[in-house]
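The values are calculated or read from the model by the stated rules, or taken from the named source; none is laboratory data. Please read all numbers here as calculations on a predicted model, not as lab measurements. Here Cβ is always computed from backbone atoms with ideal geometry, including for glycine, and neighbour counts include all displayed protein chains.
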Amino acid sequence: MCGITGYIGDKKAAEVLIDGLKRLEYRGYDSCGVAIINGKNELYLRRVSGRVDALDELVAKDPVKGGFVGIGHTRWATHGVPSEDNAHPHTDCNNQVVIVHNGIIENYLEIKEKLSKTGHKFKSETDTETIVHLVEEKLKTLHVSAANARADMLEPVFFEAVRRAIADLKGSFALSVIWAKCPNMILAARQHSPLAIGLGEGGNFIASDVSAFLKYTKKAVFLNDGELAAVKAPSVSYFSFQGKKLDHSPVTIQWDSTMAEKGGYKHFMLKEIHEQPGSVENTLRGRLLPLKGDVLEKEINLPTAVIREIKNVQIIACGTAYHAGLVGRYVFENFALPASVDFASEFSDRAKIINKDTLIIAVSQSGETADTLHAVKEAKASGARVIAITNTVGSTLTREADYVLYTHCGPEIGVASTKAFLGQMTAMYVLALHFAVIRGNIFDTDARIYVDELLKIPRLIEATLAGEDNILKIAGDFAGSEHFLFISRYINFPIALEGALKIKEIAYVHAEGYAAGEMKHGPIALIDKGMPVLAIATSSKMLQLVAGNIEEAKARGAEVIAIVDEDSREHIKASKYIVVPKTLEILSPLVNVIPLQLFAYFIALAKKCDIDKPRNLAKSVTVR
Ligand code: G6P
């Protein structure tokens, strides 16, 4: 949670920092700020409670003079309410040392109490402010007389003060610190929260994720836990928390910064919904053929012996990724490999019964979700091997996991996940097929049928997207509804859950996703006249049962909106139809979720909600 930016170089820091913060706003957006050292080595600090646009205006009205080094932050509150006082950057008692931080300092109250006794005055309720006072205190104990010292002579002292302060911290942090007396260096550190360094021409960058600096450079170094970087304009040096010098070779990021922009769509979410044929293509590319799966084996290095040995699969994930996991469970079980799924946050107790017979599949778009990372650690401690399905190269999950399968969906900016979900489900099909072939659970001819049909899915999604106007019209008819029910069975039950989640997230409307057969055991009591029930009723071995459940809902006054295909339509009597192309039932979630994403989008649009940045949510939740 929270986005950090930092810049030192020949460009105006204010512009680079604010531009970066706009790209990081999906990580949190309740308040933000920048701190820049101006031409006279004075601190320029501007903060607002609210969005980065407001900060941009404030800085434009009263611009910094000079200023080629600075740090910025966009916040998602954990300690202390969203307010200007609690917004980052935070300063020490003398407004000289300044910090931005992402994460949680678990022992901050203890440190704060000690520092208060030695006279430090705190201006906010945050855990972060404790760190900056701690650095100030360490500077004192290093007996620096900064008044007349040359800036370059102060650099080792500043480094040592930050290093010692970090040694006292418990918890998670990604942080960047500057000191007005030492304007040629930013210090950055990482412990359990992501931080990347961008290596540019004429200057270097710091950010929570690379999208903040991709416009300037594609060369990046991802700090590991326990590492510090001394970032200067011409070069960057890396150290362990113990002060040992380290070497890092940069990686080249393939994403284009325009890939992270709206491309003519009103919202990132709509753009990302329309990018989904490509999400499936990109996740499939080069991985399905030859059938024996050796392409995939080379890519993820997962030995065939492991695939043959494992007795079951345990999927862990949060939010939308959890729904991809639920789909994955049906897919693995379809190919005779027992699978279970848990919310990562509920996994702790189950981790105890896991051992090396279980392969953990951790699914996370960001690869930074704290609950998922924690669950992975617990599973590993129990002896299980872990494969990550993620969209984010260099993310923490990729380093925690034994094997990684990237979804390659490109940056997802809308907080409500769409294209990453398609990538995650596609990855499940790829893996499950690969496993089935290697374990001999499927004949090659049958595997080939799945492969051929999977390769057609991008075109079927395009055809579904072409029906957007019908969905817009239906959504318009129900935009005033206060409750929605989403129902289906078997592998489309998770899609009902996802449809309900989307509408809750972005339109702030109460919605329930339910297994259609379970309705009669409770939720049917919720139905009264005019209640919209979205039923996924595409061709299925369960179709007659779903048709029956639709009748039960209608008998209680529900207005049924049915997602059907050309064959199932005649079996379903509904108020409205959304017709999608037919595919194999097992693959149908990849198509059926599209109208539900669009439906939620159009309801939210009609309600004038802030679709890309829904209230109270963050794209990447790095607290547990
Ligand atoms: C947050 C987002 C969701 C996302 C979930 C898991 O809650 O708002 O859209 O599904 O985190 O994120 P991950 O990055 O682990 O897939």
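Brief remarks follow.
- Unmet requirement for Pro595, which otherwise passes all of (1) within 16 Å of the ligand (Cβ to nearest atom); (2) within 27 Å of Ile536 (Cα to Cα): (1)
- Condition met for Leu422 (in contact (Cβ under 8 Å) with a residue 24 or more places away in the chain, more than 10 Å from the ligand (Cβ to nearest atom) and in contact with a strand residue (DSSP E or B) (Cβ under 6 Å, 6 or more places away or on another chain)): no
- Those residues of the stretch 367-406 which are on the phi > 0 side of the Ramachandran plot and within 15 Å of the ligand (Cβ to nearest atom), in sequence order: Gly367, Gly394
- Filter result (without any contact (Cβ under 8 Å) to a residue 60 or more places away in the chain and not in a loop (DSSP other than H, G, I, E, B)) within the stretch 565-597: Asp565, Arg569, Glu570, His571, Tyr577
- Residue within the stretch 407-417 that is away from the ligand (no atom under 14 Å from the Cβ), outside any strand (DSSP E or B) and in contact (Cβ under 8 Å) with a residue 12 or more places away in the chain present: yes
- Within the option set Ser211, Ser249, Ser237, being hydroxyl-bearing (Ser, Thr, Tyr), assigned to a loop (DSSP other than H, G, I, E, B) and farther than 20 Å from Lys170 by Cα holds for one residue only, Ser249.
Rundown of residues vs (1) at pLDDT 95 or above; (2) more than 27 Å from the chain's Cα centre (by Cα); (3) not assigned by TED's automatic domain parsing to the domain that holds Ala606, yes/no style:
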site: Leu422; (1), (2), (3): yes, no, yes
site: Met425; (1), (2), (3): yes, no, yes
site: Ile438; (1), (2), (3): no, yes, yes
site: Val451; (1), (2), (3): no, yes, yes
site: Ser481; (1), (2), (3): yes, yes, no
site: Phe486; (1), (2), (3): yes, no, no
site: Ile506; (1), (2), (3): yes, no, no
site: Gly513; (1), (2), (3): yes, no, no
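- Scanning the stretch 393-405 for residues that are without any contact (Cβ under 8 Å) to a residue 40 or more places away in the chain and outside any loop (DSSP other than H, G, I, E, B) gives Leu397, Thr398, Glu400.
- Pairs with Cβ under 6 Å, 6+ apart, first in the stretch 375-392 and over 17 Å from Val306 (Cβ atoms) and part of a loop (DSSP other than H, G, I, E, B), second hydrophobic (A, V, I, L, M, F, W, C) and within 15 Å of the ligand (Cβ to nearest atom): Asn391/Cys409; Asn391/Ala420
- Which numbered condition Ala339 misses (of (1) small (Gly, Ala, Ser); (2) within 28 Å of Ile449 (Cα to Cα); (3) within 11 Å of the ligand (Cβ to nearest atom)): (3)
- Residue satisfying all of: in the stretch 598-624; outside any helix (DSSP H, G or I) and among the hydroxyl-bearing types (Ser, Thr, Tyr); farthest from the ligand (Cβ to nearest atom) among these: Thr622
- Residue match in the stretch 588-601 (condition: surrounded by fewer than 20 Cβ atoms within 10 Å (Cβ to Cβ), closer than 25 Å to Lys473 by Cβ and modelled with pLDDT of 95 or more): no
- Any hit, the stretch 554-575, residues being surrounded by 16 or more Cβ atoms within 10 Å (Cβ to Cβ), more than 30 Å from Glu106 (Cβ to Cβ) and within 16 Å of the ligand (Cβ to nearest atom): no
- Of the set (1) in contact with a Leu (Cβ under 9 Å, 6 or more places away or on another chain); (2) closer than 30 Å to Asp30 by Cα, all apply to Ile578 but (2).
- Those residues of the stretch 365-375 which are over 20 Å from Phe222 (Cα atoms) and in contact with a strand residue (DSSP E or B) (Cβ under 6 Å, 6 or more places away or on another chain), in sequence order: Ala375
- Within the stretch 201-210, the presence of at least one residue that is at pLDDT 95 or above, farther than 19 Å from Tyr406 by Cα, surrounded by fewer than 19 Cβ atoms within 10 Å (Cβ to Cβ) and not aliphatic (A, V, I, L, M) is confirmed.
- In the stretch 14-71, the residues that are within 26 Å of the chain's Cα centre (by Cα) and in a loop (DSSP other than H, G, I, E, B): Gly28, Tyr29, Asp30, Gly50, Arg51
- Residue check for Ala305: in a loop (DSSP other than H, G, I, E, B), more than 26 Å from Lys619 (Cα to Cα) and small (Gly, Ala, Ser): no
- Index of the failed condition, Leu296 passing every other in (1) within 16 Å of the ligand (Cβ to nearest atom); (2) closer than 22 Å to Ile457 by Cβ; (3) not charged (D, E, K, R): (1)
- Options Phe484, Phe493: the member that is in contact with a Pro (Cβ under 6 Å, 6 or more places away or on another chain), among the aromatic types (Phe, Trp, Tyr), touching a residue at least 24 places away in the same chain (Cβ under 8 Å) and on the phi < 0 side of the Ramachandran plot: Phe484
- Members of the stretch 348-366 found to be hydrophobic (A, V, I, L, M, F, W, C), over 20 Å from Leu405 (Cβ atoms) and either within 16 Å of the ligand (Cβ to nearest atom) or in a helix (DSSP H, G or I) (or both), listed by number: Ala351
- Qualifying residues in the stretch 102-130 (those that are under 24 Å from the mean Cα position of the chain (by Cα) and of a type in the set (D, E, K, R)) - the one nearest to Arg75 (Cα to Cα): Asp127
- Comparison of Leu326, Leu296, Leu337 shows that the only residue that is in a loop (DSSP other than H, G, I, E, B) and either closer than 30 Å to Ile594 by Cβ or charged (D, E, K, R) (or both) is Leu337.
- Within the stretch 323-352, being more than 17 Å from Tyr429 (Cβ to Cβ) and touching a residue at least 12 places away in the same chain (Cβ under 8 Å) holds for Pro338, Ser340, Asp342, Phe343, Ala344, Ser345, Phe347, Ser348, Arg350, Ala351, Lys352.
- Test: Gly410 is outside the structural domain of Glu518 (by TED's automatic domain parsing) and either crowded, with 24+ Cβ neighbours inside 10 Å or at pLDDT 95 or above (or both): no
- When the criteria are applied in full, Lys11 fails the requirement of being out of contact with any Cys (no Cβ under 6 Å at 6 or more places or on another chain), basic (Lys, Arg), surrounded by fewer than 24 Cβ atoms within 10 Å (Cβ to Cβ) and free of Cβ contacts under 8 Å to residues at least 40 places away in the same chain.
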